[in-house]
C-alpha cells in the first residue's frame, strides 16, 4: 500500500486497520530523479505512440514536482490538446502547455455530457431522464458539476439541458460532487479522465 501520510495520520481508516499498518514496515519513496523521469516518459511515449522527440520529453521531465501518474497524464493531455487544436507536438507547443499559456478548447454542456456518458458507460437519454437510480444520478451530477466549472453557461441553461425546471438542482449537484471529490479518489480519477477527453489541462 502507498500513501502520502504515515499510518497514524490516515484519519478516514478504521483504527484497527491503521494499527495493522503500524505493524508493517513503512518506507519513504523519494521523488523520481530527472534521469528516471526522462526514461519513463520515453518509454510511455513509445508505448502510447505519442510522437514527441527527446528534446520535448526533456522539457516535461524537468518538472520536478510531477509524480509518475501525473507525467503520464501530461503526455496523454498533450496528445489530446494537440489533436483538438490541430497543432504539432513541437517545443513551442510543449512550452506553452507547461506554462499554461494555451487557450483551452471550447466546450459545452452537450460535449461534457457525452464525455461523461463514455466514462460511466451510460447514454444521453438515461443521463437526461428523470430516473433517480444512483447509476444515473452520479454521472448526471458529474455532468452538471463539470458544465458549471468548464463553461460559461448559466445555471438555468444547464438545468434546462437536463430537463430540470429549477436550477437549484444544478447547485445541489455541484455541492454534492465537490463533497464526494474530497472523499473519493476513484471519483477524482473519473473526473480527471473526463477532463482529459475534453482536452482540459490539469497542470
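Distance between the C-alpha centres of region 92-150 and region 174-191: 14 Å, rounded to the whole angstrom.
Direction-averaged projected area, Cα convex hull, region 34-98: 3.8 nm², rounded to one decimal. Value of Rg to Rh for region 109-198, rounded to two decimals, is 0.92; Kirkwood radius and Rg both from alpha-carbon coordinates.
Mean sequence separation of contacting Cα pairs (under 8 Å, at least six apart), scaled by the length of the chain, corresponds to a relative contact order of 18 percent. Quarter the surface of the alpha carbon convex hull of the chain and you get the mean projected area, 13.9 square nanometres. Mean residue ellipticity at 222 nm, helices only, the chain: -19000 deg cm²/dmol; runs of at least 4 DSSP H residues each add -39,500 (n - 2.57), and the sum is divided by the number of residues. Percent relative contact order of region 34-98, based on C-alpha pairs within less than 8 angstrom and at least six residues apart? Over region 34-98, the number comes to 37 percent. Note on region 71-143: Cα convex hull, mean projected area over all directions, 5.9 nm².
Highest GNM mean-square fluctuation among 106, 20, 92, for the chain modelled with Cα contacts below 10 Å: 20.
Read-outs throughout are calculated quantities, based only on the coordinates presented, and are distinct from any laboratory measurement. What you see is a predicted model; the values in this text were computed from it and never measured.
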